[in-house]
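Working notes for the structure below.
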């Protein structure tokens, strides 16, 4: 069950887990990429299950990801060294944020 709060004609859905629209949308890409911790993913999923607006945003992002994947699927993969450097940089950024 979700609560609704209204601010100046804007309705904000808050799930029972406490995840609101702002948090759900901010975490959407990480959720789609399975990068959230299980408890955070569950919070976002619960919110999406009860919030039509955020679920629509989710669906749009899924389509965008599919289009990007399709557009780049015919391209040659980046060299292994470059992929390793990017992965190391992203891992370092994630560790620093925690």
Residue that is surrounded by the fewest Cβ atoms within 10 Å (Cβ to Cβ), among those in segment 15-24 that are touching a helix residue (DSSP H, G or I) at 6+ places or on another chain (Cβ under 6 Å) and outside any loop (DSSP other than H, G, I, E, B): 21
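Residue by residue, here is whether (1) touching a strand residue (DSSP E or B) at 6+ places or on another chain (Cβ under 7 Å); (2) modelled with pLDDT under 90; (3) in a loop (DSSP other than H, G, I, E, B) holds:
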{"site": "6", "(1), (2), (3)": "no, yes, no"}
{"site": "11", "(1), (2), (3)": "yes, yes, no"}
{"site": "30", "(1), (2), (3)": "no, no, no"}
{"site": "36", "(1), (2), (3)": "no, no, yes"}
{"site": "39", "(1), (2), (3)": "no, no, no"}
{"site": "45", "(1), (2), (3)": "no, no, no"}
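The values are calculated or read from the model by the stated rules, or taken from the named source; none is laboratory data. Note that the coordinates shown come from a computational prediction; the quantities given were computed from them, not determined experimentally. Neighbour counts run over all protein chains shown; Cβ positions are idealised from the backbone, glycine included.
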